[in-house]
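For reference, the structure is listed below as structure tokens.
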Amino acid sequence: MAKQTALRPFDEQIDRRGTDSTKWSSFDDDILPMWIADMDFLCPPAVVAALRDRVEHGVFGYTLEPKDLRDRLVEYLDRRYDWKVAPEALVFLPSVVVGFNLACQAVVRPGDGVLVQPPVYYPILAAPKNARAVAQHCPLSRSATGRYEIDFGRLEATVTNRTRLYLQCNPHNPVGREFSEQELRRVAEIALRRKLVVCSDEIHAGFVFDGRRHTPLASLSPEIEARSITLTAPSKTFNVAGLHFAAAIIPNKILRERYVQAKRGLVSSVNALGYAAALAAYREGDAWFEDLLAYVEANRDFVVDFVRSELPGIGIGPIEATYLAWLDCRDAGIPGDPYEFFLREAHVATVPGAIFGSQGNGFVRLNFACPRATLVEGLRRMRSALREWQERPASDLVDEATAVAWHASRVAG
Ligand SMILES: Cc1ncc(COP(=O)(O)O)c(C=O)c1O
């Protein structure tokens with residue numbers, strides 16, 4: 001059952017149109033955007049205040065990192081994940097996508113192998129090729145309940161003598177897993193035995209539900225820490241993705257120097273507003289975030305209940321983490337691509353599952369980090385579109401080709 005929440009501030013529906021928001025300005029106004037991973041909430045008041053102060057100064061020349069930022073992020077990692085890192089282990093970056101691409105550049109030579117676990121955030125799939133390396137796909141396995149797990153047998157079988165890097169996403173986008181400590185220990189054991197470097201994208205680490213606590217892979221032992229590049233950012237947790245601040249945590253000095261070398265000449269410093277927002281978020285954002293997490297977790301419960309009871313034929317597995325729902329539409333009888341179907345028939349923009357790898361064919365990803373009223377509106381639209389299709393007259397029950405044509409004629413109309 002959905003939990004009750006009385007957290008009114010997050011109920012406010014803020015008009016983001018006209019702000020050049022990627023989420024809201026990429027589709028026509030009649031489309032409800034529930035796709036790209038940012039939230040339709042104000043960011044913490046402390047962040048807004050810090051940005052206001054910085055903007056009111058009025059001069060935006062080249063900038064150093066704020067004096068306190070390293071210490072505040074180090075404290076944050078200790079407080080939230082019980083992980084103690086030295087301030088010098090941090091390398092500040094403009095984005096996590098830049099972060100894992102740099103990891104490939106720093107660790108692999110052309111032709112080397114990089115392990116990835118589809119279905120997974122699509123820039124992760126693309127990163128090995130950007131470094132002229134080979135993406136070694138090691139798909140997650142999916143159980144009948146829709147829960148995904150690391151397929152360790154397959155993982156072991158996929159590693160070759162050319163494999164250098166294990167590029168993981170934890171919490172996992174789009175399947176919503178927070179890998180357990182036991183799973184992470186097995187990953188670490190393989191990485192150590194096969195002498196792999198691990199790059200762990202932990203950008204969604206804030207959104208871990210049901211009282212779980214995120215475990216950074218690198219925090220498991222000094223040995224795995226020495227082979228790890230961990231990527232973190234305030235962008236999901238505090239909704240400041242447009243300000244472009246992220247950090248790579250690389251405790252091993254030699255690995256860090258290779259990383260910094262790869263960055264030279266390509267990636268310059270973070271922008272002044274990104275720094276100001278990060279400092280305020282790590283210093284003062286905890287209480288705001290606890291309230292937000294409760295709200296988003298209640299949205300998670302609502303989505304799971306709604307999909308299971310109101311969207312026949314659509315599967316949804318347990319969502320342990322992230323604010324993304326991974327919807328299996330393969331048994332819903334939808335004609336053609338479910339992304340196209342929900343866009344045209346429900347006027348809801350999701351993310352097509354196929355871009356996360358072929359394992360995502362027939363799936364869509366839905367972002368539920370929005371006010372409850374927006375979420376209800378989107379899910380109701382999807383329910384109506386699905387009902388209309390599923391309850392069409394028996395005389396319309398035809399083969400797939402005719403079904404696709406029916407769909408296409410409505411799109412054209
Ligand atoms: C797993 C994952 N990594 C990275 C990013 C993007 O991070 P950034 O905007 O810092 O490049 C996203 C955004 O959705 C994501 O889901």
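The values are calculated or read from the model by the stated rules, or taken from the named source; none is laboratory data. The structure displayed is predicted, hence computed values, not measured ones. Ideal geometry is used to build each Cβ from the backbone, glycine not excepted, and the neighbour counts take in all protein chains shown.
Would it be correct to say that VAL85 is away from the ligand (no atom under 16 Å from the Cβ), of a type in the set (Val, Ile, Thr), surrounded by 12 or more Cβ atoms within 10 Å (Cβ to Cβ) and not in a helix (DSSP H, G or I)? It is true that VAL85 is away from the ligand (no atom under 16 Å from the Cβ), of a type in the set (Val, Ile, Thr), surrounded by 12 or more Cβ atoms within 10 Å (Cβ to Cβ) and not in a helix (DSSP H, G or I).
If I go through the stretch 50-82 residue by residue, how many of them are farther than 30 Å from LEU167 by Cα, outside any loop (DSSP other than H, G, I, E, B) and hydrophobic (A, V, I, L, M, F, W, C)? Counting residues in the stretch 50-82 that are farther than 30 Å from LEU167 by Cα, outside any loop (DSSP other than H, G, I, E, B) and hydrophobic (A, V, I, L, M, F, W, C) gives 3. Please tell me if LEU77 is away from the ligand (no atom under 16 Å from the Cβ), under 21 Å from the mean Cα position of the chain (by Cα), among the aliphatic types (A, V, I, L, M) and assigned by TED's automatic domain parsing to the domain that holds ARG132. The answer is yes for LEU77. Please specify each residue of the stretch 264-293 satisfying the condition of being more than 18 Å from LEU77 (Cα to Cα), at pLDDT 95 or above and in contact with a Ser or Thr (Cβ under 7 Å, 6 or more places away or on another chain). Of everything in the stretch 264-293, just one residue is more than 18 Å from LEU77 (Cα to Cα), at pLDDT 95 or above and in contact with a Ser or Thr (Cβ under 7 Å, 6 or more places away or on another chain), namely ALA272. On the stretch given as the stretch 9-39, residues that are polar (S, T, N, Q) and in a loop (DSSP other than H, G, I, E, B) total 4.
Among residues of the stretch 256-276 that are closer than 18 Å to ARG227 by Cα, those with a Cβ under 9 angstrom from a residue that is of a type in the set (Val, Ile, Thr) and in a helix (DSSP H, G or I), sequence gap 6+ or separate chain, pair up as ARG258/VAL107; TYR259/VAL107; ALA262/VAL107. Can you tell me which residue is farthest from the ligand (Cβ to nearest atom) among those in the stretch 181-216 that are closer than 21 Å to GLU257 by Cα and aliphatic (A, V, I, L, M)? Among those residues, the one meeting the criterion is LEU192. Exactly one residue among PRO123, PRO171 is modelled with pLDDT of 95 or more and either under 30 Å from PRO45 (Cβ atoms) or among the hydrophobic types (A, V, I, L, M, F, W, C) (or both), and that residue is PRO171.
Checked against (1) charged (D, E, K, R); (2) free of Cβ contacts under 8 Å to residues at least 60 places away in the same chain; (3) touching a Leu at 6+ places or on another chain (Cβ under 7 Å), GLU388 passes all but a single condition, namely (3). Scanning the stretch 305-340 for residues that are of a type outside the set (D, E, K, R) and within 18 Å of the chain's Cα centre (by Cα) yields a total of 11. Looking across the stretch 168-180, the residues that are within 24 Å of GLY362 (Cβ to Cβ) and more than 10 Å from the ligand (Cβ to nearest atom) come down to VAL175, GLY176, ARG177. For the stretch 107-114, the criterion of being under 17 Å from LEU217 (Cβ atoms), in a loop (DSSP other than H, G, I, E, B), within 16 Å of the ligand (Cβ to nearest atom) and touching a Pro at 6+ places or on another chain (Cβ under 8 Å) is met by none of the residues.
Does VAL270 satisfy being assigned by TED's automatic domain parsing to the domain that holds VAL107 and outside any helix (DSSP H, G or I)? Yes, satisfied. For the residues ARG392, ARG410, ARG330, the requirement of being part of a loop (DSSP other than H, G, I, E, B), among the basic types (Lys, Arg), over 22 Å from PHE207 (Cβ atoms) and at pLDDT below 90 singles out ARG392.
Looking only at residues in the stretch 220-255 that are among the hydrophobic types (A, V, I, L, M, F, W, C) and more than 17 Å from VAL85 (Cα to Cα), the one that is nearest to the ligand (Cβ to nearest atom) is ALA241.
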